[in-house]
Amino acid sequence: MQRLLHHFRKSHDVACNVSCIISVNPIRDVACNVSTIFCAFTFHSMKVNGTPFHTIWLHPEIPGIVQVIDQRKLPFEFAVVDLLTARDAFDAIRNMTVRGAPLIGVTGAYGICLGLLGATTGNWRTELEATASLLKSARPTAVNLAILVDEMCLALADCTTNEMAIQQAYREASRFKDREIAWSEAIGENGLPLIEEISRKKNGATVNILTHCNAGWLACIDWGTATAPIYKAFHKGIPIHVWVDETRPRNQGARLTAWELSQEGIAHTVIPDNTGGHLMQHGMVDLCIVGSDRTTLNGDVANKIGTYLKALAANDNGIPFYVALPSSTIDFTMHDGVKEIPIEQREADEVTTMEGVREDGKVGSVQLVNPGSPVANYGFDVTPARLVTGLITERGVCSASEAGIRGLFPERLG
Ligand code: MRU
């Protein structure tokens, strides 16, 4: 810590983008004194109890330290966690304090900064390599993590000293963060016409959108991916209602998406994961929008487990099924999602237990499954491109195909 403070006293510019402090305790908000967090964000739209928030930022008082919202505690408690070391960043990604592909990527980028702060000056480059592989190993499916960590290392290639690398790393991480925000907002703008079109066809009646997991601002930095067009449409006054899949086993839909939508005042209904097909058969879903953790060049999409089943049901019922994603989620090296994307398998207790508020008002977990029965916990599945109506990206909407992706990102391919 001494070294960290010393370093930043010498190089105040890196931390000086922290220009103001807002504090809230929005959930347990018993007149909690307003004075926590916040930085010089150019764009910040998403709010917690009316206060604009991002999911990750630099500590306003202790230079170099990274702060994140603890997503494991939402919606029952709003808590902020300090990340002091690369190991902290690794743990936060692995234990899902932070989650969602774009946020995992940016946390990885800041993890590199923290690793450099803790590095021994002589061996900083070797330690950087070790930090990069540690961070990349935290979660396997969301490709954003590997892409951003690699981009960070590339950006540091010309640095000759640890001091120089630290400066450059914070600049780059902050640039990646801003880039994700801009991309999320662009996804919102590009997806908006799809919702407007349905609204027109329905003569202004409520547009019902189904989403799975949390591909909202919590999974990103601001706006979200799947939710970005929803927020844009809502802000434009289009009547919207969102069907929120609860998303077992960790209930990101019931806990996080529902919370986000409540904070924005958007009408929504949480449904058990098995309900979507029934709603679609009865004309109660106009459009599905989900996020992605990795999209291959041919347009296959890995997303939270259960996404594939919704895509099948949407296809059977002629309902458009869109995937919203920034280009940081595209794996330009893979051509077959089912065969190639590594699918994370997670701990059994996520399936055997569930956490919630007990009758005594305390948060706790209960056993759900017959004790001793084996369980399987695949974190993600792959929706083949043929079931995806289109990809909503920061550069526009394209078909889920190599031609579509090439058309929007020609410079990324030979
Ligand atoms: O396991 P998680 O919660 O990190 O999974 C997140 C998802 O599957 C999201 O829907 C996906 O990352 C898209 S995030 C914009």
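The values are calculated or read from the model by the stated rules, or taken from the named source; none is laboratory data. Values in this document were obtained by computation on a predicted structure and should not be read as measured data. Glycine gets a Cβ as well: all are built from the backbone with ideal geometry, and neighbour counts include every protein chain shown.
Number of residues in region 298-320 that are over 21 Å from Ile104 (Cα atoms) and either of a type in the set (Asp, Glu) or surrounded by fewer than 24 Cβ atoms within 10 Å (Cβ to Cβ) (or both) equals 11.
Once region 252-263 is narrowed to residues that are within 16 Å of the ligand (Cβ to nearest atom) and out of contact with any His (no Cβ under 8 Å at 6 or more places or on another chain), the residue that is nearest to Met96 (Cα to Cα) is Gln252.
Within region 339-376, the set of residues being in contact with a Pro (Cβ under 7 Å, 6 or more places away or on another chain) and surrounded by fewer than 17 Cβ atoms within 10 Å (Cβ to Cβ) comprises Pro342, Glu344. Of the strands (runs of 3 or more DSSP E) lying entirely inside region 311-414, those containing at least 3 residues that are away from the ligand (no atom under 16 Å from the Cβ) are 353-357, 363-367, 396-398. For region 205-221, name all the residues that are crowded, with 24+ Cβ neighbours inside 10 Å and part of a loop (DSSP other than H, G, I, E, B). Answer for region 205-221, where residues must be crowded, with 24+ Cβ neighbours inside 10 Å and part of a loop (DSSP other than H, G, I, E, B): His212, Cys213, Asn214, Ala215, Gly216, Cys220, Ile221. Taken as a whole, the structure leaves Thr131 outside the set of residues that are away from the ligand (no atom under 16 Å from the Cβ) and at pLDDT below 95.
Considered as a group, the residues in region 87-108 that are in a helix (DSSP H, G or I) and among the charged types (D, E, K, R) include one that is nearest to the ligand (Cβ to nearest atom), and that residue is Arg94.
Just one of the listed residues (Leu279, Leu256) is touching a Phe, Trp or Tyr at 6+ places or on another chain (Cβ under 8 Å) and touching a residue at least 60 places away in the same chain (Cβ under 8 Å), and it is Leu279.
A count restricted to region 109-135 and to residues that are small (Gly, Ala, Ser), out of contact with any Cys (no Cβ under 8 Å at 6 or more places or on another chain) and either in a helix (DSSP H, G or I) or buried (at least 23 other Cβ atoms within 10 Å of the Cβ) (or both) stands at 6. Check region 360-375 and report whether any residue there is touching a residue at least 24 places away in the same chain (Cβ under 8 Å), touching a helix residue (DSSP H, G or I) at 6+ places or on another chain (Cβ under 8 Å) and at negative phi. Within region 360-375, one or more residues are touching a residue at least 24 places away in the same chain (Cβ under 8 Å), touching a helix residue (DSSP H, G or I) at 6+ places or on another chain (Cβ under 8 Å) and at negative phi.
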